[in-house]
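The values are calculated or read from the model by the stated rules, or taken from the named source; none is laboratory data. Note that the coordinates shown come from a computational prediction; the quantities given were computed from them, not determined experimentally. Here the Cβ positions follow ideal geometry from the backbone for every residue, glycine too, while neighbour counts run over all protein chains shown.
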């Protein structure tokens with residue numbers, strides 16, 4: 001505490017003894033000096049005020065009855081000039097009335113004469129301890145003000161940076177109230193640029209997908225140890241006017257692992273979507289133009305091979321290789337066209353009721369010869385009753401045929417492939433399990449990217465386009481389904497298809 005504004009803090013160890021009796025002054029000095037205090041002495045009120053003007057004190061021991069200026073008047077002047085100084089009244093005329101009057105005028109305590117040294121030490125020690133705590137509190141308050149000023153400056157800098165970002169930023173708290181929003185976010189969500197935070201998120205976000213994403217993130221907050229490695233959750237938003245936004249969110253974890261809120265970043269990807277559309281259209285056009293001539297070439301090579309019966313093996317081998325390559329190119333073109341249709345949203349499934357057990361039996365029976373050629377075992381088990389699916393049967397055949405073919409291709413001779421189908425809630429789960437080469441963890445997500453193929457000593461000579469799994473994933477998304485992978489190198493892989501929203505059979 002500093003007293004009047006502009007006044008220095010009172011020294012916690014300095015005491016002024018004011019008494020007209022010399023032996024009292026000297027006795028107090030001896031006692032207080034042994035306590036480590038610096039002691040000044042005054043024999044009257046005028047001298048005491050002069051000393052205080054030059055040297056502030058933390059504590060004044062003040063006699064009430066002195067010649068000249070009365071102790072009560074000195075007390076009033078001290079409270080006026082040095083309000084941070086504590087005053088203890090010492091007098092031989094101690095009465096209840098004088099004690100009450102002194103306390104009313106701001107005295108800290110009251111010691112009647114004659115007093116024992118222990119009494120003085122207790123009262124003086126208590127008063128000086130109070131001053132020490134006051135000084136400590138004052139310093140902490142100054143430090144807090146400095147910290148708040150620095151924090152305010154840093155917050156201003158951070159706010160300037162956030163507001164200047166071209167990407168939209170929104171931060172919500174645990175109650176789904178917006179605590180931070182920048183102008184870019186407001187523009188992207190068609191809000192006024194000066195929209196202030198503080199309202200519920202629904203007042204700022206009209207897109208249901210983004211609301212669900214934030215709710216999903218809030219529902220699975222990481223622990224403090226997981227926070228640094230927490231992956232971004234993302235979703236695409238289609239806005240009026242043909243604009244596309246990519247929303248990415250991450251929880252804001254507390255020290256106890258609870259979710260304090262969600263931070264969301266919005267990026268305008270309209271240009272990227274347009275570029276991707278043009279690329280898909282180009283690929284589709286080129287693929288369409290190439291498929292017919294390649295089919296003609298493949299047919300002519302097959303005819304030539306039939307006419308080469310009895311020709312040298314070298315000639316037959318060369319044409320056989322050419323036929324194999326053209327077949328691979330035709331397959332690649334077919335995959336590219338499928339991918340283009342999926343990305344363009346042009347898939348038009350002819351949905352009807354499908355018996356999944358019959359469909360899976362048909363697919364596995366068709367591929368059993370392919371597995372037998374490698375001395376593999378291909379089995380199917382189902383947990384009846386399986387629900388009836390309402391979907392495009394050709395798309396389902398393509399999905400499961402692709403997964404089982406991959407399992408056969410990437411499993412060694414005499415390996416085992418098992419297809420397991422079972423009901424799950426109101427939907428269906430189909431797992432394709434093999435004990436083949438397996439996939440390293442870092443490639444589990446990448447294998448669903450277009451043209452990506454795992455290449456190692458066991459797979460580098462296996463032909464393929466790298467489009468099968470992306471097509472499977474794309475078809476499942478159009479059906480509202482999903483696919484997951486569990487795999488370990490040398491132990492095999494399990495691809496699991498989830499098809500929700502099915503009807504009871």
Subset of the range 382-404 (residues that are surrounded by fewer than 17 Cβ atoms within 10 Å (Cβ to Cβ) and within 17 Å of residue 366 (Cα to Cα)): 394, 397
Counting only residues that are touching a residue at least 60 places away in the same chain (Cβ under 8 Å) and part of a helix (DSSP H, G or I), which one in the range 383-403 is farthest from residue 436 (Cα to Cα)? 395
From 428, 380, which residue is over 40 Å from the mean Cα position of the chain (by Cα), at pLDDT 90 or above and either in a loop (DSSP other than H, G, I, E, B) or closer than 17 Å to residue 355 by Cα (or both)? 380
Look at residue 11 and say whether it is modelled with pLDDT under 90, over 23 Å from residue 125 (Cβ atoms) and not in a helix (DSSP H, G or I). no
Please work out which one of (1) surrounded by 21 or more Cβ atoms within 10 Å (Cβ to Cβ); (2) closer than 17 Å to residue 399 by Cβ; (3) modelled with pLDDT of 90 or more is the condition residue 479 fails and give its number. (3)
For the range 359-370 the number of residues that are buried (at least 17 other Cβ atoms within 10 Å of the Cβ) and either within 46 Å of the chain's Cα centre (by Cα) or in a loop (DSSP other than H, G, I, E, B) (or both) is 5
Could you please give the count of residues in the range 439-476 that are surrounded by 18 or more Cβ atoms within 10 Å (Cβ to Cβ) and closer than 21 Å to residue 378 by Cα? 4
Quick check on the range 351-364: of everything there that is modelled with pLDDT of 90 or more and in contact with a strand residue (DSSP E or B) (Cβ under 9 Å, 6 or more places away or on another chain), which residue is farthest from residue 411 (Cα to Cα)? 355
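Quick grid of which residues meet (1) part of a loop (DSSP other than H, G, I, E, B); (2) farther than 25 Å from residue 423 by Cα:
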position: 459; (1), (2): yes, yes
position: 462; (1), (2): yes, yes
position: 471; (1), (2): no, no
position: 474; (1), (2): no, no
position: 480; (1), (2): yes, no
position: 498; (1), (2): no, no
For the structure I just gave you, tell me whether residue 99 is surrounded by 13 or more Cβ atoms within 10 Å (Cβ to Cβ), modelled with pLDDT under 85, over 60 Å from the mean Cα position of the chain (by Cα) and not in a helix (DSSP H, G or I). no
Taking only pairs six or more apart or across chains, which ones have beta-carbon atoms under 6 Å, a first residue in the range 203-223 that is modelled with pLDDT of 85 or more, and a second residue that is surrounded by fewer than 17 Cβ atoms within 10 Å (Cβ to Cβ)? 205/211; 209/235; 213/235
Over the range 53-73, the set of residues farther than 17 Å from residue 113 by Cβ and either surrounded by 24 or more Cβ atoms within 10 Å (Cβ to Cβ) or touching a helix residue (DSSP H, G or I) at 6+ places or on another chain (Cβ under 7 Å) (or both) is 57, 58, 59, 68, 69, 73
Can you give me the number of residues within the range 237-252 that are loosely packed, with under 14 Cβ neighbours inside 10 Å and under 25 Å from the mean Cα position of the chain (by Cα)? 1
Those residues that are crowded, with 19+ Cβ neighbours inside 10 Å and part of a loop (DSSP other than H, G, I, E, B), I need them from the range 28-42; list them, please. 37
Within the range 155-189, residues being at pLDDT 90 or above and more than 20 Å from the chain's Cα centre (by Cα) number 6
Inside the range 315-328, the number of residues satisfying the requirement of being modelled with pLDDT under 75 and either closer than 20 Å to residue 463 by Cα or touching a strand residue (DSSP E or B) at 6+ places or on another chain (Cβ under 8 Å) (or both) is 2
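Yes or no, residue by residue, for (1) surrounded by 13 or more Cβ atoms within 10 Å (Cβ to Cβ); (2) modelled with pLDDT of 70 or more:
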| site | (1), (2) |
| --- | --- |
| 254 | yes, yes |
| 259 | yes, yes |
| 267 | yes, yes |
| 274 | no, yes |
| 287 | yes, no |
| 295 | yes, yes |
| 301 | yes, yes |
| 305 | yes, yes |
| 313 | no, yes |
Output for the range 102-140, where each listed residue is under 52 Å from the mean Cα position of the chain (by Cα) and loosely packed, with under 12 Cβ neighbours inside 10 Å: 129, 136, 137, 139, 140
Among residues belonging to the range 184-199 that are touching a strand residue (DSSP E or B) at 6+ places or on another chain (Cβ under 9 Å) and closer than 17 Å to residue 239 by Cα, point out the one that is surrounded by the fewest Cβ atoms within 10 Å (Cβ to Cβ). 190
